[in-house]
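A.B. asks: One structure is given below, represented as structure tokens, and several questions about it will come after.
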Amino acid sequence: MKSKRILVKGVEAIALGALAGGCNCYFGYPITPQNEIPELMSVELPKRGGVFLQAESETSAINMVLGASAVGARAMTSSSSPGISLMSEGFSYLIALELPCVIVNVMRGGPGLGGIEASQGDYFQAVKAPGHGDGKFLVLAPYSCNEAYELTAKAFELAEKYRNPVMILSDAILGQMKEPLTLKSPKIKTLEKDDWILSGAKDRPGRVIKSLFLDSAELAERNLKLKQKYQKMEVEIKFERLAEGSEELIIVAFGSMARICKEAVFNLRARGYPVGFFRPITLFPFPRKALCELAESHQKRKKFLVVELNCGQMVEDVASALCGKGDILSLAYPPSVLPFPEDIEREIIKCLNLSTSLNV
Amino acid sequence: MKIKILEERCKGCGLCIEFCPKRALVLSDRRNLLGYKVVGWNSPEKCNQCGICYLMCPEVVFVREEDFEE
Amino acid sequence: MSKPFDFPKCLKRNTFHYCPGCHHGIVHRLICEVIDELNLKDKTIGLASIGCSCFLYFYIDVDILEAPHGRACSVATGIKRMRPDLFVFTYQGDGDFSAIGLGDSIHAASRGEKITAIMINNTVYGMTGGQVSPTTLLYQKTTTTPLGRDPQREGYPLKVAEILATFEAVAFCARSAVNNPKRVKETKNYLKKAFKAQLENKGFSYVEILSSCPVNWRMDAVSANYHVDKLTEVYPLGIFKELPPKK
């Protein structure tokens, strides 16, 4: 049976992907540009015997997710930059309590109230420190409706596999633009949870899910356990590479910016320019090894032009991944003025003519 | 039914002594592992097992002997 | 029915860490008595909050989840919405429930979440050393109102039970104390009514229990126990709302 194709917005693709991933409860709060997600969930979840509730604040919503996840739900919330900031204490607890859930951030211009145009300004917040402490999210950055659908569905399996929150990091461009979505039914594994969820102490002693460890050795041990988990996550690293390795310059970009850059790269390659393209899909764990391999291939020193819709964040991760194996250049467009592919083409050609510079 | 005082749970707060209608309890000089002076019988014969000490005790110190044989 | 000198079944044998004379221990015992009597151990989820009672799981042998400070009612909402068959109660202090968590608490009550919230009101932040709280009495000295709570600066004591009693979706709302035998029994009665309101799916149930805090009130245990009578002048005891039992 040919799978159905429908014309949807990015945020709708995310919601449909969540449903395909087995999401059975959603707690959220209105904030542009992601309102279609709670709206769609408020229709679809009750139909499927799931739970939908709009909380009085993002702070409350993330704690409802925490409660639902602790009793075995496939829980989800979505918000946009300011709301995500309000949830950060909850994120830290979810990480510490090892509770699986999916969190969607459709980024908008910041800081402060900022704007409702697109931005990638929450990159650091997502990959470095979603909340206080050393905890991490597994962060996936889709750049198309199909990818948003598939990654969100997959996120529920990954969250349970690692018992860790997974973040879908998108933005207002992908969120609000429409394009065809192929409705595949992805194979999403469900994992056994009865050994750890709270379900009522029937014929067993009471279980406790807590993150308070006043004993310092015990807390240190907890942190090491979480650190090992993040290393294990490296098998989930995904990226898109469009480069033989002989190129002089590689564009590195994620999410919606990668779409604009990809077109620029296509145009220039068609005109014979030695330009490649690298798109991280998992932002944490970051595809460090893949970047290094690309940098070292063909024993040719390359320039890496990191294009972002913020004031320069992922460029630091590219720089630390390559540690000197390439020249790092930052093309940072502060939110929310969007470049056209032609703008990026001009920048690439300028960079190709530069000798070498490190203006991170 | 014989009442047992779980001395290790007592913190010498004195609420049971205060509310015992028969004044059957007193703060003894014995100390438990935590160093609290523990409650003791002042005049056990006066006790009619009314249970007020049990009600007022924040530490569940007063229990039935048979429930807590060593 | 539990009898005097019973050591409640679902009360663990660990000694309490509470200060001598603190009423938390009495409330813990009463909760366990009611859980035993209503046979709820198999289906109960307790929400421990952040404060002196954050170690609830050392004492009550049911499934317990530690909620971030102030968020117990939201976490409980997430649990109860997913598992309406479970019995869910929160155990919070006055700071947790009515300061940082007031938004979560009021909206859970207003939505009529079928959970039971228990607020221990000792007018201070106990665990952190006795700072001022929304329920601190006027002119009461605390470590952050050294000259006494001044209404011009810290406003007036927050009367949570009276507020929640005005909510349509609140099925049971009462305030009690445990500083004399009669009130201890009354508190247990209120807890049972509140638990039953949840079991009968009537709506949100709330029991506020005035408690002493000898160390932070700078009093000995017995004086602090009687000082709770002073609290009842500002926080009158009684049932503020009770929906009739379902026919």
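The values are calculated or read from the model by the stated rules, or taken from the named source; none is laboratory data. Here the structure is a predicted model, which means the values were calculated and not measured. For neighbour counting, all protein chains shown are included, and Cβ atoms are generated from backbone atoms with ideal geometry for every residue, glycine included.
Table: residues versus (1) β-branched (V, I, T); (2) under 24 Å from C:C52 (Cβ atoms).
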position	(1), (2)
C:A109	no, yes
C:T116	yes, yes
C:M119	no, yes
C:N122	no, yes
C:K141	no, yes
C:K159	no, yes
C:A169	no, no
C:S176	no, yes
C:N179	no, yes
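A.B. asks: Take the conditions at the interface with another protein chain (Cβ under 7 Å from one of its Cβ atoms), out of contact with any Asp or Glu (no Cβ under 9 Å at 6 or more places or on another chain) and not in a loop (DSSP other than H, G, I, E, B) and apply them to C:L65. Does it pass? So that I can check it myself, show each step before the final result.
C.D. replies: Numbers: at the interface with another protein chain (Cβ under 7 Å from one of its Cβ atoms): yes; out of contact with any Asp or Glu (no Cβ under 9 Å at 6 or more places or on another chain): yes; not in a loop (DSSP other than H, G, I, E, B): yes.
Yes; evaluated as a whole, the condition is true for this residue.
A.B. asks: Here is a further query. Can you give me the ranges of the helices (runs of 4 or more DSSP H) entirely in the range C:147-247 with at least 2 residues that are within 14 Å of chain B (Cβ to nearest Cβ) and under 14 Å from the mean Cα position of the chain (by Cα)?
C.D. replies: Values: elements: C:151-154, C:160-164, C:181-199, C:214-217, C:221-234.
Answer list for the range C:147-247: C:181-199.
A.B. asks: If you don't mind, another one. Here are A:S60, A:S85, A:S78, A:S69: which of them is farther than 19 Å from A:T190 by Cβ, within 14 Å of another protein chain (Cβ to nearest Cβ) and not in a loop (DSSP other than H, G, I, E, B)?
C.D. replies: After applying the criteria, what remains is A:S60.
A.B. asks: State all residues of the range B:39-58 that are more than 7 Å from chain C (Cβ to nearest Cβ), surrounded by 16 or more Cβ atoms within 10 Å (Cβ to Cβ) and under 23 Å from C:C32 (Cβ atoms); if no residue qualifies, say none.
C.D. replies: Within the range B:39-58, B:V39, B:C53, B:C57 qualify.
A.B. asks: Next question, about the same structure. For the range A:305-360, give me each residue that is of a type in the set (D, E) and over 20 Å from the mean Cα position of the chain (by Cα). Before you say what the answer is, go through the steps one by one.
C.D. replies: First, the residues of the range A:305-360 that are of a type in the set (D, E): A:308, A:316-317, A:327, A:342-343, A:345, A:347.
Selection gives A:D327, A:E342, A:D343, A:E345, A:E347.
A.B. asks: Looking at A:A270, A:A201, A:A243, which one is away from chain C (no Cβ under 14 Å), of a type in the set (A, V, I, L, M) and surrounded by 14 or more Cβ atoms within 10 Å (Cβ to Cβ)? Let's see the steps before the verdict.
C.D. replies: Working: A:A270 fails: surrounded by 14 or more Cβ atoms within 10 Å (Cβ to Cβ); A:A201 fails: away from chain C (no Cβ under 14 Å).
Testing whether each residue is away from chain C (no Cβ under 14 Å), of a type in the set (A, V, I, L, M) and surrounded by 14 or more Cβ atoms within 10 Å (Cβ to Cβ) leaves just A:A243.
A.B. asks: Which condition breaks for B:G12 when tested against (1) surrounded by 16 or more Cβ atoms within 10 Å (Cβ to Cβ); (2) in a strand (DSSP E or B)?
C.D. replies: Among (1) surrounded by 16 or more Cβ atoms within 10 Å (Cβ to Cβ); (2) in a strand (DSSP E or B), the lone unmet condition for B:G12 is (2).
A.B. asks: OK, next. Tell me whether the range C:78-101 contains one or more residues that are out of contact with any strand residue (DSSP E or B) (no Cβ under 9 Å at 6 or more places or on another chain) and either away from chain A (no Cβ under 14 Å) or buried (at least 24 other Cβ atoms within 10 Å of the Cβ) (or both).
C.D. replies: From the range C:78-101, those out of contact with any strand residue (DSSP E or B) (no Cβ under 9 Å at 6 or more places or on another chain) are C:84-85, C:100; that's our starting set.
Filter once more, keeping what is either away from chain A (no Cβ under 14 Å) or buried (at least 24 other Cβ atoms within 10 Å of the Cβ) (or both): none.
Within the range C:78-101, not a single residue is out of contact with any strand residue (DSSP E or B) (no Cβ under 9 Å at 6 or more places or on another chain) and either away from chain A (no Cβ under 14 Å) or buried (at least 24 other Cβ atoms within 10 Å of the Cβ) (or both).
A.B. asks: Part of a strand (DSSP E or B) and facing chain C (nearest Cβ under 9 Å) - does that describe any residue in the range B:15-25? Step through it out loud before you land on a result.
C.D. replies: Within the range B:15-25, the subset part of a strand (DSSP E or B) is B:25.
The next check asks that each one be facing chain C (nearest Cβ under 9 Å); those that pass are none.
The answer is no, given that none of the residues of the range B:15-25 is part of a strand (DSSP E or B) and facing chain C (nearest Cβ under 9 Å).
A.B. asks: Right, something else. Would the range C:136-143 turn up any residue that is assigned to a helix (DSSP H, G or I), touching a residue at least 12 places away in the same chain (Cβ under 8 Å) and either crowded, with 24+ Cβ neighbours inside 10 Å or touching a strand residue (DSSP E or B) at 6+ places or on another chain (Cβ under 7 Å) (or both)?
C.D. replies: Within the range C:136-143, the first condition is being assigned to a helix (DSSP H, G or I), and the residues that meet it are none.
Looking through the range C:136-143, none of the residues is assigned to a helix (DSSP H, G or I), touching a residue at least 12 places away in the same chain (Cβ under 8 Å) and either crowded, with 24+ Cβ neighbours inside 10 Å or touching a strand residue (DSSP E or B) at 6+ places or on another chain (Cβ under 7 Å) (or both).
A.B. asks: If you go through the range C:93-109 one residue at a time, do you hit one that is among the aromatic types (F, W, Y), part of a helix (DSSP H, G or I) and under 29 Å from C:S2 (Cβ atoms)? Write out each step before concluding.
C.D. replies: Taking the range C:93-109 first, the residues among the aromatic types (F, W, Y) are C:97.
Checking the rest, the ones that are also part of a helix (DSSP H, G or I) come to C:97.
Retained after the next criterion (residues that are under 29 Å from C:S2 (Cβ atoms)): C:97.
Looking for residues that are among the aromatic types (F, W, Y), part of a helix (DSSP H, G or I) and under 29 Å from C:S2 (Cβ atoms), one finds at least one in the range C:93-109, hence yes.
A.B. asks: Identify, by number, the condition in (1) in a loop (DSSP other than H, G, I, E, B); (2) under 18 Å from the mean Cα position of the chain (by Cα) that A:I14 doesn't meet.
C.D. replies: (1)
A.B. asks: Any residue in the range B:43-60 that is closer than 21 Å to C:G21 by Cα sitting within a Cβ distance under 6 Å of a residue that is of a type in the set (A, V, I, L, M) and modelled with pLDDT of 95 or more? List the pairs, counting only those 6 or more apart or interchain.
C.D. replies: From the range B:43-60, the pairs are B:L55/C:V184; B:M56/B:L15; B:P58/C:I26.
A.B. asks: Would you check if A:G135 is more than 13 Å from A:I168 (Cα to Cα), of a type outside the set (K, R) and touching a helix residue (DSSP H, G or I) at 6+ places or on another chain (Cβ under 6 Å)? Steps first, please.
C.D. replies: On the way: more than 13 Å from A:I168 (Cα to Cα): yes; of a type outside the set (K, R): yes; touching a helix residue (DSSP H, G or I) at 6+ places or on another chain (Cβ under 6 Å): yes.
Yes.
A.B. asks: Pull up the range A:204-232, narrow it to residues that are within 9 Å of chain C (Cβ to nearest Cβ) and in contact (Cβ under 8 Å) with a residue 12 or more places away in the chain, then point me to the one that is surrounded by the most Cβ atoms within 10 Å (Cβ to Cβ).
C.D. replies: The qualifying residue surrounded by the most Cβ atoms within 10 Å (Cβ to Cβ) is A:I209.
A.B. asks: Which condition from (1) modelled with pLDDT under 95; (2) assigned by TED's automatic domain parsing to the domain that holds A:A155 is the one that A:K227 breaks?
C.D. replies: Result: A:K227 passes all but (1).
One line per residue, one yes/no per condition, for (1) touching a residue at least 24 places away in the same chain (Cβ under 8 Å); (2) within 14 Å of chain B (Cβ to nearest Cβ):
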{"site": "C:F16", "(1), (2)": "yes, yes"}
{"site": "C:C22", "(1), (2)": "yes, yes"}
{"site": "C:G25", "(1), (2)": "no, yes"}
{"site": "C:H28", "(1), (2)": "yes, yes"}
{"site": "C:C32", "(1), (2)": "yes, yes"}
{"site": "C:I35", "(1), (2)": "yes, no"}
{"site": "C:K41", "(1), (2)": "yes, no"}
{"site": "C:I50", "(1), (2)": "yes, no"}
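A.B. asks: Still on this model: Taking the condition surrounded by fewer than 23 Cβ atoms within 10 Å (Cβ to Cβ), out of contact with any His (no Cβ under 6 Å at 6 or more places or on another chain) and touching a residue at least 24 places away in the same chain (Cβ under 8 Å), does A:G114 pass?
C.D. replies: Working: surrounded by fewer than 23 Cβ atoms within 10 Å (Cβ to Cβ): yes; out of contact with any His (no Cβ under 6 Å at 6 or more places or on another chain): yes; touching a residue at least 24 places away in the same chain (Cβ under 8 Å): yes.
Spelling it out, A:G114 is indeed surrounded by fewer than 23 Cβ atoms within 10 Å (Cβ to Cβ), out of contact with any His (no Cβ under 6 Å at 6 or more places or on another chain) and touching a residue at least 24 places away in the same chain (Cβ under 8 Å).
A.B. asks: Still on this structure: Identify all residues within the range A:300-317 that are acidic (D, E) and crowded, with 21+ Cβ neighbours inside 10 Å; write none if there are none.
C.D. replies: Taking the range A:300-317 and keeping what is acidic (D, E), we get A:308, A:316-317.
Selection gives A:E308, A:D317.
A.B. asks: Tally the residues that are part of a helix (DSSP H, G or I), more than 19 Å from the chain's Cα centre (by Cα) and surrounded by 19 or more Cβ atoms within 10 Å (Cβ to Cβ), restricting the search to the range A:17-57.
C.D. replies: So the first thing to find is which residues in the range A:17-57 are part of a helix (DSSP H, G or I), and the list is A:17-20, A:36-47.
With the extra rule that they be more than 19 Å from the chain's Cα centre (by Cα), the set shrinks to A:39-47.
Filter once more, keeping what is surrounded by 19 or more Cβ atoms within 10 Å (Cβ to Cβ): A:40-41, A:45.
The number of residues fulfilling the criteria is 3.
A.B. asks: Within the range A:204-221, is even one residue within 25 Å of A:R259 (Cα to Cα) and either not in a strand (DSSP E or B) or not polar (S, T, N, Q) (or both)?
C.D. replies: First, pick out the residues of the range A:204-221 that are within 25 Å of A:R259 (Cα to Cα): none.
Checked the range A:204-221: no residue is within 25 Å of A:R259 (Cα to Cα) and either not in a strand (DSSP E or B) or not polar (S, T, N, Q) (or both).
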